[in-house]
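J.: Below you will find the structure I want to go over with you.
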Amino acid sequence: MRHVSGLAELIRILILQGELAPGVLLDEPVLAERFMTARPTLREALRLLEGRGLLHANGSGGMRVVALDSEGLAELLEVRAVLEAMCAAEAAERSRRDRLPARAAEHLLELADAVDIATAAGRADRALFADRTFHLAFSGLAGNRAGHVALDHLWDRIVVAQRGSTASAPGTAVATREHRVLVACVSDGDAEEASGTARRHALSALRDLTSPVAPS
């Protein structure tokens, strides 16, 4: 089982990095040869990724990388808004009770800086991954494992969907400000403001699903 999960993780990375593009039909013999594994083991790994929502079976028994339209991406962003608002409130409450790890706020600000640096350098892919890292680190502070795992899976699908979409999010200046406002709300222990800010920040990506993608 460890080999299967490790293989699934390698293929997951190929999907997130765009080497296996949205909508592509996976060539199982090629993948099996590339990773020097048996076809049954490969299929088990692919089923794990299907469970994460990254692959779906086609009519002939093969697997395709998910490809969502703007409506599908909008649904993901709406769910993200609900989950991140919940996690933001819980993280702020933990902060109020002094239950957050030491340097939690400093670490989040460093991750926010990484988003800004990648965006300023015109590295859209790197900025998208940095944005994902920031938000998952943020949600992890809530101490809600179920919510964090759900967001981890959801962000995978958002990354893949945005690779095949022209969806946009707020401009860099707005995203930068909102990331730092989120950190400040949690540091201050303001659960209500943290929740509202997280929700507005996530939903801002729905403003225009026809503009170029930028990290949110």
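J.: All but one of (1) part of a loop (DSSP other than H, G, I, E, B); (2) under 24 Å from the mean Cα position of the chain (by Cα) hold for GLY61; which doesn't?
T.: (2)
J.: Name the one entry in SER139, SER165 that is at pLDDT 90 or above, in the same structural domain as VAL82 (by TED's automatic domain parsing) and of a type in the set (S, T, N, Q).
T.: Only one candidate qualifies: SER139.
J.: Answer yes or no as to whether PHE134 is assigned to a helix (DSSP H, G or I), in the same structural domain as THR197 (by TED's automatic domain parsing), closer than 29 Å to VAL181 by Cβ and touching a Leu at 6+ places or on another chain (Cβ under 6 Å).
T.: So PHE134 fits the description; yes.
J.: Now a separate question. Which condition breaks for VAL79 when tested against (1) more than 23 Å from GLN162 (Cβ to Cβ); (2) under 14 Å from the mean Cα position of the chain (by Cα)?
T.: (1)
J.: Additional query: If we scan region 97-105, do we find a residue that is in contact (Cβ under 8 Å) with a residue 24 or more places away in the chain, over 24 Å from ARG126 (Cα atoms) and either in a helix (DSSP H, G or I) or hydrophobic (A, V, I, L, M, F, W, C) (or both)?
T.: yes
J.: Against the definition (surrounded by 20 or more Cβ atoms within 10 Å (Cβ to Cβ), in a helix (DSSP H, G or I) and in contact (Cβ under 8 Å) with a residue 24 or more places away in the chain), how does LEU77 come out, yes or no?
T.: yes
The values are calculated or read from the model by the stated rules, or taken from the named source; none is laboratory data. No experiment lies behind these values; they were computed from the predicted model shown. In this analysis, Cβ positions are derived from the backbone assuming ideal geometry, glycine residues included, and neighbour counts consider all displayed protein chains.
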